[in-house]
1. Among the listed residues ASP196, ASP203, identify the single one that is modelled with pLDDT of 95 or more, in contact with a Lys or Arg (Cβ under 6 Å, 6 or more places away or on another chain), outside any loop (DSSP other than H, G, I, E, B) and surrounded by fewer than 24 Cβ atoms within 10 Å (Cβ to Cβ).
2. Examine segment 117-126 for a residue that is out of contact with any strand residue (DSSP E or B) (no Cβ under 9 Å at 6 or more places or on another chain) and touching a residue at least 24 places away in the same chain (Cβ under 8 Å), and state whether such a residue exists.
3. Applying the selection to segment 108-131, what residues are buried (at least 18 other Cβ atoms within 10 Å of the Cβ) and either modelled with pLDDT of 90 or more or among the acidic types (Asp, Glu) (or both)?
4. (1) in contact (Cβ under 8 Å) with a residue 40 or more places away in the chain; (2) at positive phi: which one isn't true of GLY241, the others all being true?
5. With the requirement that a residue be among the β-branched types (Val, Ile, Thr) and either in contact with a helix residue (DSSP H, G or I) (Cβ under 7 Å, 6 or more places away or on another chain) or surrounded by fewer than 23 Cβ atoms within 10 Å (Cβ to Cβ) (or both), what does segment 5-51 give you?
6. Determine whether segment 173-189 contains at least one residue that is of a type in the set (D, E, K, R), surrounded by fewer than 20 Cβ atoms within 10 Å (Cβ to Cβ) and assigned to a helix (DSSP H, G or I).
7. Considering only residues of segment 207-219 that are among the β-branched types (Val, Ile, Thr) and more than 14 Å from GLY332 (Cα to Cα), which is surrounded by the fewest Cβ atoms within 10 Å (Cβ to Cβ)?
8. What do you reckon, is TYR331 of a type in the set (Phe, Trp, Tyr), over 21 Å from the mean Cα position of the chain (by Cα), more than 17 Å from TYR152 (Cα to Cα) and crowded, with 17+ Cβ neighbours inside 10 Å?
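The values are calculated or read from the model by the stated rules, or taken from the named source; none is laboratory data. Model, not experiment: these values are computed from the prediction. With ideal geometry, Cβ positions are generated from the backbone for all residues, glycine too; neighbour counts draw on all protein chains shown.
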Amino acid sequence: MERVLVVLPNWFGETLFATPFLRALRGQRPDAYVATLGWPQCRDVLLHNPHVNELIDFDERGRHRNPFELLRLIRALRARRFTTTFILRRSLSRALLLTLAGIRDRIGFEHPKSNWLLTRRVPNPSPVTSLHKAFSYLSLLEERGFVPRYPYEYMVSEEERQAARKRLAAQHLLDGKPFVVLHPGANWPHKRWPTDCFAALGDRLIATRPVRVVVTGGPHDAHLARAISRAMRQPSVMLAGQTTIRELAACFERARLVVSNDTGILHIAAALRRPVVALYGPTSPTFTGPLGDPSRMVVLHHPDCCPQIPCYQPTWPPHAGMSSIAVDEAYGAACTMLALKPPAR
């Protein structure tokens, strides 16, 4: 049996971007044993994924900084006798790790530092192609012919749905009135739409549409959610910091609309076929925008909001950034999505 190890990118959203690759890989190698190697924080993205047999953690910023733990990981990879590995990010440390693990075929993108450790080097996608990052990984598989472009995938279990129903029922969110999710978090502060804008959008939606508003996020987003709730004149439901990622995804299955900054949660909502309004500023929706049915997505982005995209200088020179997206604009996009036929759960 062929035994394949896929080395994942680091970020939560980018791990979700890897799911079209995993599905295409399974299509090419239906009988292979497929495992992934990635950050422990990102393993929730791939739970219940039918194309993966095993999830292996690589905690390079934590446990595996210890040389003895790293050696134990190398031995564990050797014991699994992988025959092929695909490296989805350019990384000298990962290429060296896989070489030490004795994996014969090491396939990855060209990079001056790690080329000598790869047995097959694939040219990096050209920036002029405007290729979404999720599809850029597929070139690693093209040696075997045409590779279809699948949307990304996120699987929710029935147990997670039951937990979500219980939590939503406790907040009276299953009483027949649809609810809209506002997700104010993002890993960079300058990727976040201002909290007063979220609050104004929530108030306007409640005042003009028969909806309730739910504010979500992780524990680190709770201060943003509280700021939005305090600024709103209308009552909202706060779930930030009260759910796991898996349970939050199951709650999204019942949401009528998700309004979110560019973050992994946005892509989970898109993977679950929810209507979304995506708020972009310093990043490019061309390369990292939501994938799925374009009729159920509105991406709001003003390319001139920052001196360059992507923008790594949030305060200098002074620029509009996320504030360039007006509340009126977001409200119009939300109303367009709410006018659609409700998606099936």
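1. When all the criteria are applied, what remains is ASP203.
2. no
3. GLY108, PHE109, LEU118, VAL122 - these are the residues of segment 108-131 that are buried (at least 18 other Cβ atoms within 10 Å of the Cβ) and either modelled with pLDDT of 90 or more or among the acidic types (Asp, Glu) (or both).
4. (1)
5. Within segment 5-51, VAL6, VAL7, THR15, VAL34, THR36, VAL45 qualify.
6. Checking segment 173-189: not a single residue is of a type in the set (D, E, K, R), surrounded by fewer than 20 Cβ atoms within 10 Å (Cβ to Cβ) and assigned to a helix (DSSP H, G or I).
7. In this case the residue turns out to be VAL211.
8. On the way: of a type in the set (Phe, Trp, Tyr): yes; over 21 Å from the mean Cα position of the chain (by Cα): yes; more than 17 Å from TYR152 (Cα to Cα): yes; crowded, with 17+ Cβ neighbours inside 10 Å: yes.
So TYR331 fits the description; yes.
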